[in-house]
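These notes concern the structure reproduced below.
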């Protein structure tokens, strides 16, 4: 059978490349050009160089939005990782009614973000929400998220964890199931206690999966938009804005396309730097296990 040359396979992959160029590459280049220009409705773009980037980085609203984003990412992603790891270990230990509980655990990932935010707004309504009334009846603190920025950020973090926990859980659960049972039997014969087996067997072998889960969740959480925009709109007084909401306001509220494009590329560059670090860590772990 004759092996086809690469040039002969080009027509087979050309549609995919055309789609990628048209949907991703060309819009990205256009946004990069906008980030170096001053542009708005009814105004011809004029080249300003890096002025838009400097303006965004010097804007107190952007710095506040960046701080809010980092706070949500750090708290939500690590809490989500801890909960996902606990659930993965619990399900792998032979939990009763595992199939039913697995469906319940994965259910939030099938819910639309809009529906989830509307439901949580009702549940945590400061005046008549069922969860709010339950917390008040138990004498626990109530999340007054419509007025208190800190309470709003807490509610956004909880909502983000609830929405994306199934993603982290399924990665860690699949990795846990792939660990051979013989390793645990060998550890038990050697006298290892359950905690020692977790530290010496489970955790090292789950390392690559944990890094992959953290990588994707950091990137996705850094672009958080729907939860904040639909829940608080960035208020009160822009105190709960995140970077994606700041970008939206610059582009669609203030019609400042240049600064909005610069904000978008700052998000892309930050995600690339973060991804590069985790990919290097993942490669180091994979090479260590290979040797």
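No value in this document is a laboratory result; all are computed from the given coordinates. Keep in mind that this is a model prediction, so the values were computed, not measured. Neighbour counts are summed over all protein chains in view; Cβ atoms, including those assigned to glycine, are modelled from backbone coordinates with ideal geometry.
Computed values, structure above
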{"read-out": "Radius ratio Rg over Rh of segment 129-215, counting only Cα atoms, Kirkwood formula for Rh", "value": "1.22"}
{"read-out": "Taking segment 157-277 and dividing mean pair separation by its residue count, relative contact order in percent (alpha carbons under 8 Å, at least six apart)", "value": "20 percent"}
{"read-out": "Stokes-Einstein D (µm²/s) once Rh is taken as the Kirkwood radius of the chain over alpha-carbon pairs, at 25 °C in 0.890 mPa s", "value": "109 µm²/s"}
{"read-out": "Contact order normalised by residue count of segment 36-290, Cα under 8 Å, 6+ apart, percent", "value": "29 percent"}
{"read-out": "Ratio of Rg to Rh over segment 228-279 (Cα coordinates, Kirkwood Rh, two decimals)", "value": "1.08"}
{"read-out": "Most mobile listed residue (131, 228, 16) in the chain, GNM with C-alpha springs under 10 Å", "value": "16"}
{"read-out": "The chain: calculated mean residue ellipticity at 222 nm from DSSP helix runs of at least 4, using -39500 (n - 2.57)", "value": "-22500 deg cm²/dmol"}
{"read-out": "Residues 51, 185, sorted so that the one with the fewest Cβ neighbours within 10 Å comes first", "value": "185, 51"}
{"read-out": "For segment 30-188: Kirkwood Rh in Å [reciprocal of mean 1/r, alpha carbons]", "value": "19.8 Å"}
{"read-out": "Whole-angstrom gap from segment 183-198 to segment 125-177, using each part's C-alpha centre", "value": "36 Å"}
{"read-out": "Centroid-to-centroid separation of segment 54-101 and segment 244-272 [C-alpha atoms, Å]", "value": "23 Å"}
{"read-out": "Candidates 68, 255, 52: whichever shows maximal mean-square fluctuation once the chain is modelled as a Gaussian network with Cα springs under 10 Å", "value": "255"}
